[in-house]
Structures are given as C-alpha cells and as structure tokens.
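The values are calculated or read from the model by the stated rules, or taken from the named source; none is laboratory data. Fair warning: this is a prediction, and the values are worked out from it, not measured in the lab. Cβ placement follows ideal geometry from the backbone for every residue including glycine, while neighbour counts extend to all protein chains displayed. SASA here: full protein model, heavy atoms, side chains in, ligands and nucleic acids out. Shrake-Rupley method; radii C 1.70, N 1.55, O 1.52, S 1.80 Å.
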Amino acid sequence: MRTFYEAVTGDLMREQILLLGNGAIAAGIATSLLSRKIPVTLAIHNHDAGMLLKPLAEHPDACLLDIRTDTRVRHCAGTSSHFQIVLDQKNRQSVLDCSCIVIAENAVLTSCISRYGLKPSSHVHVLSNFFQNYETGSGHLSSPKTVAILLGLAVESHPHMAQTAMETALKLRTEHEMGMDICIFTRNLKVAAFGLETLYRKARDAGVTFIKFSDASPTFHQQPDGTVDVSFTDDISRIPFTFHADITIVDETVAPEPYVQELSRIFGLNMDAAGFAQTENIHRLSVCTNRKAILVTGGSRGVLSEAACHNEIQETVLTILSLMKGVQAMTGHKAEISLDTCIHCLTCYRLCPYHAIVLEKHPVVDSNACERCGVCAAECPRKAISIEDLTPSAISQQVRQIRTGISPASVTPMIVAFCCNRSAVQASHQAELSGLSIPEGVFIIEVPCAGGISLEYLMAAFTGGADGVLVVTCHEGNCHSERGNIMAKKRVGELRNMLAHIGTEPERILLKTIAANMPAELIQTAQDFKRRITNIGICNR
Amino acid sequence: MNTCQSTVLVIGGGVTGLTSAVHLAQQGVSVVITETADRWGGHAAQLACMATDGCVSCGACVVHSKILQALSHPNIQMCLNTRIEAVDKTERFTVRLNQGHEIRRIEADAILVASGFTPYAPHAKPYGYGRFANVLTTLDLNINLRRHTVVRRPSDAAAPRRIAFIQCVGSRDSSINHLWCSKICCGVSLRMARRIQHRQPDTEITFFYIDVQTFGKNFEMYYADCQKQIRMIRTIPADILETGDDCLNVSYFNPDTQSYQEALFDMVVLSTGLEPSESAGNLAAMLNINSKALNYTLNPESIAAMLPESIFIAGAALEPMSIAESVASAESTAFSIFQYLEPSQVMPS
C-alpha cells in the first residue's frame, strides 16, 4: 500500500523521523508512524528500551524502525528540509539524515521528602510508587494505624499529583487494613481535571480527612523510629493538633528530564521557566517549537497526565503529516542573502528565531524554514539580506504612495502605523467588524513580524512624509518569532534618541503592544497618537 | 482536487470546531462547518486580552487566526446562522441544515460535535445576578473590557474602586449537581483581576475562593504576584444585597476572624462555571447517541468507547477545557477522524 505522502514525495527514505524517548508516548508515535509506512529512528538515551517499546519489534512494519539504545544526540546541522544529526552510541558517532525530530522524553518526578525536612525511612514513602514499595515488602509495616499524605505544601501541586494522592488514600482506606486514619494535608486541592471533584467527594465520604492550609503551614517532626508528627493549627477551628503518622506519603515535583534541556540547547529551542522544551507562547500550540519540524510532546513540553497521553500522540502524528504535506509552510518571498555583500559575520545565523539559516560555504537561508520575520535583514550590519516585497525601498514606495494620496493642503497629520500581521492587523479587522474605524490620516503598513521593522523602515516613513510613526506589535511572550517585538522596541528606542539628537521631537515615534483581540485599544492608541502628533505639529509639508 | 473525497460535518464554529476543520482540510478532507450564531469564534471571540506587562497566555487571541485560516481554506464550507435539523444515517449521513431563509441537505461521512459549553446562568444563586446592575459574570466583564478597555460600573459608568470576584459559581456545587471543577475560572478571574489593576492601579480586589487551581506554565510566579496584589479570602459568600448607591454588600464567614462579616464593593464578578452546551440534549437525540456523552459525567475515553465509529466529540463539549486544551483536543480528534476516513480517501491536495 502506498501512503499518500509517498505519492507526493516519491522518496521514502528522505522522510525519516528521529524520535527521542522511551515511554508510552514515544511508543504510540512510533506505532502510528509505522502503520503509515513512515520510517522511524528511535534513539533512546538509556541502556534499555522501556517495557512499552518492546512490542514495537513485533510490528508488521518493524523493518522501517531502527531502535538505538544508549544513544544521545550530540549535534544538529541543517533545517527542516534536511536535518543532519550526529548520534552518539557509546562513543561511536554516526550521522542520521532526517526531516523531522520529535522529542518525547518523560518528565522527571523528584520527591519533596527533603523539602519537608524529612529523611527516607520505612515509614516515609513517595507518592508515585507508594504501593509498589509498600506491597513489595521493603516498606510494609505491621498494622499501621495512621497515614499522612503531604500534598503541595512545599510547591503548588498539580491535578495529576492530587489525583494520585486521593486514589492512594481511597485505596488504603477501602481496600487495605480497614480503619486506618488517613489525612491529606494540602493547600489548594487541585481538582481541575476530569473526575477529580467526584473523586474528592468519594474519598471524603469514605472517611479520608482533608486538612487545607491557606497561610499557615504544618510543621514536621520525625521520630527516631522514622514516624512523623505533623503539628498544625486547624484553619477552621483554630485548635492546635498533632497527627502522629505511622506512614507518611510525600508528593513530588515535576521537572523536565535533564536530557531534554541538553536537547533544547543542541537544537536551539526556546525553553520555558522550568526548562521544558516549549515556551508558553500560544503560537506553539500544541506540539510545535520555535524550530520548524522539531516537535515536542508529553513530558518534554510539560504535559503530565496519563489521560492526555493519547491526545499527545495524535497531535504529534497529525503535525508530522501536516509537515510532510507542506501545508504549514509560510507562503511569500523568503529572505535571501546576497553573497556579494555578505562578510560571513554570522549575525543572521545567531539571530534567526527559527534557525532557518544554514552554514554551508556561505550562510544560506532555508526557504522552507524561513517565516519571513525579517529579523536577519533588519540586523545584518552589511544590509546583505533582503526579502523581496519587504525591502526598505519597497516600504519607502508604500509610504510615497500614501503621501501622494494626501492633499498638500491637508491639516491632518500623516501617521504611518507599522502593524504586525499576527496581532495589530487582526485587531484592526476586529475593529472594523465592531464598527470602529482607524482615524483619518493613520495608514497601516502590514508587516509579517515587527522584528523586521528596521531603522531603515522607520526612516523611510519619516523621509517619505510621515509626521508620526506608530509601531504596533505583539505583547512580550506572544511574538511568533519570540523576540521580534523586543527587537522592534530596541530600534524604536534608538530612533527616538536619534530624533532628539537632530532636534526633532522624539515623541513622533511610539511603540505599543497589542493583541488580535484588542480592537478598542488599537483604535484608542491610534487616536491618542494622532492627537499627540497634531499637538506637536505637522513637520513634513 | 479529488471529487470523491470524504466530507466531515463539524458542528460548532468555536476554537475547537475551527481548529479541527482547518486540520482536516489541510489533510485533503472536505469540511462543512456550521455555527448557530451569526459570527465565528464561539465564546473565545468575545474575550478581551488579559496581558499586563506581557502576554499571560490566556489563549483568547488564537481564535482570530483560526477564523482567518478556516475562511481562506478552499476545502472548508462555512455556514453561519445554521441549525442542524435532522440527521439520517444510511451509508453516509444525510443532514438537514436550517439556514433561516433556506433548508439545505448535505451528505457527510463523519460528524464532529464541537458544540462547546454554555456558561452557567447564576440567576438562582443568592448574588442578585440579573437584578443588581453591578453584579456581572466573568463573561459579561470580558465583553465589557473588550469594548471599553477599562472597567466601568454598569449602573453609573464610574470606575469601580472595590471589586470582588466570587469563584466556583456553578462549579463544585452539589446543590445543582455540578460535581465538576470548571478548570478555567481561577485563571480567568485572576488574570482579569491583574489586568484591571494594571490599567486601573487603585482598584482593590478581593478574591473569594475554595482552592486556587493551577493554570499556565508560569502559575507559581503568577500566583505569588496575585497573592501580593489581591486580597484572597478562602470562603464562598453567603449572599449579596444592594445598597442605595448601587454598591453591593457581601456577607461571608471570615475564616481569619472566625466570624460572620459584611463588606462593601462597587462591583461583584461571579466566576461562573461551564455547563454542557444547551444544545447538547437535542444534538444527542438527533445523532442518536447516549446523552451522557454530552453531559460532563463521563470521561473522554468512556465517551469515545460508546460512540458510533463515525461520530466524534471534541473540546468543551466533552468536559470543561481551556483554549489551549481545546486546541489540543481538536487536533487529536481531527487525527481520529482522519484515521477513520483514511482507507476511503486521502489524496494529496
């Protein structure tokens, strides 16, 4: 059976997927890709393939699967059209050609035992593997009477952890030695996942005690035998209590696998504050990164729950299929580097948010990965990079056209508003739909990203006849190019200084951040700015 | 384009429906998407931006690019003001669409229910909603903020100095048999509170709650900031009375002082939860599926197991979901649909 993309590409081996991971999600993605006859190299950094990966060997299309254990990624060259990955298998290096990389490593759970000032003992356990340890004997105690579960007291908890805590309590209470006193000590009980409110009620009705803290915290005193005294003042009754726990079960915090952080550095992926390989930028939903064809899923992007596992697999495979079809490609002219002027300073290579610049003999833009943001063109010190429809002279032309449409007798100031396509332009459409209109004299020039608004653009607006220039871009954290808005802000600041230097009012230029769903603000910004420029006066006629 | 390709009917033009439609269309599937309202984007398209110094990742702005993507895709037929009137299943589905001025019949190979949610209507709660001008829901305030950029009291257009948010209105509530956490409301209210304070720094905000639910990747930091700027009181108020000057007298049990207390506010915002869509019962009947699939009582896996193989459900029709989760659910379900259709179609577009 020929799959659809074979019909498209006719070249099977080029469409190799490099899958990194060793858990249920990696297994699911591999299975799904194999059934579509898509070849997969599965690189596992541990010594053994996990239990879930074992059945893959039995897959009817297992011949398309190459599993390599003890293998780590050392280096990545190329872009989405053609990645070349250096893999290291026990110090033996090899190069793999692939068109897509999926990071599907599990997250790491770290116990909070030491955060609570406790020491491991047969009386103190960790939540995620409590029953495993407890039932296999090492931690089994004869007839414990009291159990304390510490949940989210050191670090804010998570529904996934709350679910495990409540299920553990309920199971102990109903299936194990009956009559145990079980207390869950927590702050905010996280019930924001399917069925947790009912689970909470079920546990409560079964006799599990929930003790919640708002500002105060309990204190822990571990006895020489390993049992723990939990002392606290009850939030409701204000009475001091001490709960002596024969068994204490401690929650865990979730962190990315250290290898994921290493991978993020190798691939140049923007990480979130915790170190997962995906920022909270809404443009990355669901499994995308700042690099085209490098996807991140499940525990590598901070999604934990087992319930989400199936979704993560499907989202990832769907995204791979879309990439193969080329449907997510940005259309339009892409950046081009003029080899006559380029001095190989590699500014573009360092700054491209998408890592779309490949170093061959000269730096070259991979048009497949280029998103037209224009950061490279704006920052190139030699002005060696251009995007055909977005050159400073193309912008200049647009400004002149606007200017010719204005009567020389007009007393309305001419304002050029550079608007980012992903935010301000959409906000202007929303404004129109709700009956608000851009004030007269304010002219929008659409740009793919504010990161491409160079000093030349801004100067072109002024020299072309604008009395004021407005730059409207996305909020910090919402820029598709991650830092395009910050770069625009920097350049606007520079131009303000330059204007002041030559004796022109620096107030003639303003940068504002806005979102697609802020139509009223966009209009207000334009009105306020127009008023400001009217007050300063027309300078250009 | 291949003429004998499959068609999917997507019911609901919110974030979920639009996202699924675009993904299916990109895979070469032909899509008809229907929306009962006269505009696209569902609830998300009514929401204001919650950014303060930077984006706080509420996700509301994504809906606008989804709408543009859907409108510009040649494989998607978009039908506003359209109700599903009848569904027949022989080999394919035959669906009767009521578009007001005309009745249309379409054929489809699979149906995706993306009918979303209905915000809980809090009229029956003792908070005076619908009677007191300055008691709003979070959705009301969102619509307001989108239109006017700053908060004004509905009664006199004055800037409110004291605002109370009341959480879990219609959620975690056994008295109305809503035994679920609506998941999104803590994030909605806290982001809104900080956004208001960002524009109107003198606004004092009180937040009445049961448990603050985690939202977003930077929750810990965001929450720490909220705790500094917002008065957090862990109780749910008993009732609200209106004073002569349109202020609101909120009575509650104060856990700090262990006593009954009253406090005056200029505005009260009810953080209303999510309910299954009001169209859910009707849709379930027309599609001949168990109504439990659309009433928030079963988990998504059990729902998938009880549906016929050609009917799918995604997004907040399944359970309360944030915008980011709805996008994920829509993508995942688009893939399930694609897998179901695959043998019969799938040609390069």
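Each row is one residue, and each column tells you yes or no for (1) at pLDDT 95 or above; (2) closer than 23 Å to A:P519 by Cβ.
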position: A:S386; (1), (2): yes, no
position: A:T391; (1), (2): yes, no
position: A:V399; (1), (2): yes, no
position: A:P408; (1), (2): no, no
position: A:V411; (1), (2): no, no
position: A:I415; (1), (2): yes, yes
position: A:C420; (1), (2): yes, yes
position: A:S434; (1), (2): no, yes
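Is it fair to say B:S182 is assigned to a loop (DSSP other than H, G, I, E, B) and among the polar types (S, T, N, Q)? Considered against the rule, which asks whether it is assigned to a loop (DSSP other than H, G, I, E, B) and among the polar types (S, T, N, Q), B:S182 comes out as yes. Residue check: A:R115 meets all listed conditions (1) among the basic types (K, R); (2) surrounded by 15 or more Cβ atoms within 10 Å (Cβ to Cβ); (3) in a loop (DSSP other than H, G, I, E, B) but one, namely (3). Here the condition is being acidic (D, E) and within 14 Å of chain B (Cβ to nearest Cβ); of A:E252, A:E280, it holds for A:E280 alone.
Remark: pairs (first residue in segment A:59-72, touching a residue at least 60 places away in the same chain (Cβ under 8 Å) and more than 13 Å from A:I29 (Cβ to Cβ); second residue assigned to a strand (DSSP E or B) and open to solvent by 30 Å² or more (accessible area, probe 1.4 Å); Cβ separation under 9 Å; 6+ apart in sequence or on different chains) = A:R72/A:Q89. If you filter segment B:7-52 down to residues that are more than 21 Å from B:V87 (Cα to Cα) and of a type in the set (S, T, Y), you find that the one that is surrounded by the most Cβ atoms within 10 Å (Cβ to Cβ) is B:T16. Here A:K54, A:K145 are screened, and the one residue that is more than 30 Å from A:S286 (Cα to Cα), out of contact with any helix residue (DSSP H, G or I) (no Cβ under 6 Å at 6 or more places or on another chain) and open to solvent by 60 Å² or more (accessible area, probe 1.4 Å) is A:K145. Looking across segment B:18-33 at every residue that is polar (S, T, N, Q) and in contact with a strand residue (DSSP E or B) (Cβ under 6 Å, 6 or more places away or on another chain), the one that is farthest from the other protein chains (Cβ to nearest Cβ) is identified as B:S30. If you go through segment B:200-217 and keep only what is of a type in the set (D, E), more than 7 Å from chain A (Cβ to nearest Cβ) and in a loop (DSSP other than H, G, I, E, B), you end up with just B:D202. Within segment A:228-257, the set of residues being of a type in the set (V, I, T) and not in a strand (DSSP E or B) comprises A:I236, A:I239. In summary, helices (runs of 4 or more DSSP H) completely within segment A:372-475 and bearing 3 or more residues that are within 20 Å of A:L499 (Cβ to Cβ), in contact (Cβ under 8 Å) with a residue 12 or more places away in the chain and open to solvent by less than 50 Å² (accessible area, probe 1.4 Å) occur at A:392-404, A:455-463.
Taking segment A:487-540, which residues are open to solvent by 30 Å² or more (accessible area, probe 1.4 Å), farther than 23 Å from A:S423 by Cα and of a type in the set (A, V, I, L, M, F, W, C)? A:M498, A:A500, A:I502, A:I536, A:I538, A:C539 - these are the residues of segment A:487-540 that are open to solvent by 30 Å² or more (accessible area, probe 1.4 Å), farther than 23 Å from A:S423 by Cα and of a type in the set (A, V, I, L, M, F, W, C).
For segment B:57-84, the set of residues classified as in a loop (DSSP other than H, G, I, E, B) and either polar (S, T, N, Q) or surrounded by fewer than 24 Cβ atoms within 10 Å (Cβ to Cβ) (or both) consists of B:S57, B:H73, B:P74, B:N75, B:L80, B:N81, B:T82, listed by residue number. None of A:A154, A:A169, A:A162 is surrounded by fewer than 20 Cβ atoms within 10 Å (Cβ to Cβ), small (G, A, S) and not in a strand (DSSP E or B) except A:A154.
Restricting A:K530, A:K489 to residues that are assigned by TED's automatic domain parsing to the domain that holds A:A461 and more than 25 Å from B:S57 (Cα to Cα) narrows the list to A:K530. In segment A:175-186, how many residues are touching a Leu at 6+ places or on another chain (Cβ under 7 Å) and either modelled with pLDDT of 95 or more or exposed (fewer than 15 other Cβ atoms within 10 Å of the Cβ) (or both)? The qualifying residues number 4.
Here is a yes/no grid of residues against (1) over 20 Å from the mean Cα position of the chain (by Cα); (2) away from chain A (no Cβ under 14 Å):
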position	(1), (2)
B:E35	no, yes
B:Q46	no, no
B:V62	no, no
B:Q99	yes, yes
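Can you pull out the residues in segment A:189-209 that are crowded, with 18+ Cβ neighbours inside 10 Å and over 22 Å from B:I176 (Cβ atoms)? Within segment A:189-209, A:K190, A:V208 meet the criteria. Residues of segment A:500-541 that are over 29 Å from B:N142 (Cα atoms) and assigned to a helix (DSSP H, G or I): A:A500, A:H501, A:P506, A:E507, A:R508, A:R532, A:I533, A:T534, A:N535, A:I536. The residues listed here are A:N290, A:N270, A:N188; of these, the one that is within 14 Å of another protein chain (Cβ to nearest Cβ), out of contact with any Lys or Arg (no Cβ under 6 Å at 6 or more places or on another chain) and in contact (Cβ under 8 Å) with a residue 40 or more places away in the chain is A:N270.
Conditions tested, residue by residue: (1) within 13 Å of another protein chain (Cβ to nearest Cβ); (2) touching a Gly at 6+ places or on another chain (Cβ under 9 Å); (3) surrounded by 22 or more Cβ atoms within 10 Å (Cβ to Cβ).
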| position | (1), (2), (3) |
| --- | --- |
| B:F132 | no, no, no |
| B:R153 | no, no, no |
| B:S171 | yes, yes, yes |
| B:F219 | yes, yes, no |
| B:C226 | yes, no, no |
